[in-house]
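Take a look at the structure below.
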Amino acid sequence: MSLFEQTPRPPWPWQEAVWRRLHEQKQSGAMAHAYLFIGDRGTGRTDFVREFANFLLCDEPDAGRACYRCRSCRAGGADHHPDLLLILPEEGKKDIGIGQIRELTEFLSLNSFSGSGRVAIIPQAEALTLSASNALLKTLEEPAAGATLLLTAYSPGSLLPTIRSRCQLLGLPGPDFDTAIAWLRERLPDSHSISDERLRELLEAYGNRPLELAPALGAGQVPGFIALRKMLLDLLEGKISILRAAAEAAKIGESEVFEHLSRVSTILIRGLVNGDVRGAETRALAAALPESGELGFLLEFHRQVTRARKLLAGPGNPNPQLLLESTFRLWVKADL
């Protein structure tokens, strides 16, 4: 068996029940023509959907999984399968436009190269513009024979009700802490030096997203994340100045800091929206924010962090220290 076949693949343990349901539908010929998968970032939602697409196109499925030996699987694994289309925002844009949906409609109407049907994936369905959503609705109302459309979103409310009603809605849950810890230990050989209690604390810090925590642990980024989160609380409580915070953050690395800031703000936003802020330190951060307008502030803060990350990654030559100072200055305004 090749390394390609041995690579651990979804469904992850917390997704098994949904996978079994889909497998049963395929076995019984009861597949829907369109699915909408709802799940949080960092829990393997997109991985699940892309793996399910490989399974649908596999010539010789093995025990309810893609075999990764047949010609179809080899092509799909390289993202070059002629019967698979992935729809993402175009480079430099944040939306999926009507032109891309027209391309999708034409793709689904063509005959399958392999004979297994055609599959299209929209892994960021929230990015659909209104005109693109309306164009997609026509495709959903008149599905092409042998075609399957797989959409993913954070929340069903982010899509038109008419689109939701024409898709089979499936929730992809995140793991409980015990399952996530066991999964991390399987994939991190050095995790034996970390206690279960510490892993749980880190999972809480990362919003219980093991697929985000695993690479962060492997890259040694977790200490920087923990330090940055404490720095944000110290700023709100007046224990550290903006200039000192920026200087300390620069020691971590500007790009890494802005990645951590994006993660912290995203976790806080989702926790407030869902009414489930996890982890003592994250709850302390949320509690330090003013009750009035905290969600609006966090959204604006996240936008500024995103702009700063783009500036750092762009062709210009921004001053990283000034970016850090202006970002922390905005953060401190939350307490005014």
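The values are calculated or read from the model by the stated rules, or taken from the named source; none is laboratory data. From a predicted model like this one, the values you see are computed outputs, not experimental measurements. Methodologically, a virtual Cβ is constructed for each residue, glycine included, from the backbone with ideal geometry; neighbour enumeration extends over all protein chains shown. These area figures cover heavy atoms from the full protein model, side chains too; ligands, DNA and RNA do not enter into them. Shrake-Rupley method; radii C 1.70, N 1.55, O 1.52, S 1.80 Å.
What to note about this one:
- Per residue of the chain, the DSSP helices (runs of n ≥ 4 H) give a summed -39500 (n - 2.57) that works out to -17000 deg cm²/dmol at 222 nm.
- Net charge, S131 excluded, C-beta distance under 13 Å - Lys, Arg +1, Asp, Glu -1: +1
- Student exercise, the chain dipole from Lys, Arg, Asp, Glu Cβ charges, in Debye to nearest 20: 320
- Size of charge dipole - region 18-145 - debye, nearest 20, with Cβ of Lys, Arg +1 and Asp, Glu -1, no other charges: 260
- Dipole-positive endmost among I269, P82, I194 within the chain (Cβ charges, Cα centre): P82
- Surface calculation, 1.4 Å probe, protein heavy atoms: T306 sits at approximately 50 Å² accessible.
- Put a plus charge on the Cβ of each Lys and Arg, a minus charge on the Cβ of each Asp and Glu, and nothing anywhere else: the dipole of region 146-253 about its Cα centre is then about 400 debye.
- The chain: angle of helix 98-109 to the longest principal axis, Cα-based, in degrees nearest 10: 30
- Angle in degrees between helix 294-313 and the longest Cα principal axis of the chain, rounded to the nearest 10: 80
- Per-residue extension of 0.36 nm, minus the Cα-Cα distance of D62 and L130, leaves a gain of 20.4 nm for this segment.
- FRET efficiency for S262 and K239, using Cβ-Cβ distance with R0 set to 22 Å, rounded to 0.05: 0.40
- Positive end of the dipole of the chain (Cβ unit charges, origin at the Cα centre): among I181, I121, Q168, the Cα lying farthest that way belongs to I121.
- Considering only beta bridges that DSSP places wholly inside the chain, some 5 percent are antiparallel.
- Within region 36-186, percent of DSSP bridges classed antiparallel, to nearest 5: 5
- Seen against the Cα atoms of the chain and their longest principal axis, helix 196-205 is set at about 90 degrees.
- Förster radius 45 Å - calculated FRET efficiency between V332 and A17 (Cβ-Cβ, nearest 0.05): 0.50
- In this simple spin-label model, placing a label point 7 Å from the Cα along the Cα-to-Cβ direction at both Y154 and S195 gives a separation of 3.4 nm.
- Under-5 Å amide H pairs with Q168, H placed in peptide plane, nonlocal only: A34, Y35, L36
- FRET efficiency, A32 to N111 (Cβ-Cβ, R0 22 Å, nearest 0.05): 0.55
- Extension gain, H80 back to R307 (0.36 nm per residue minus Cα-Cα distance, nm): 78.5 nm
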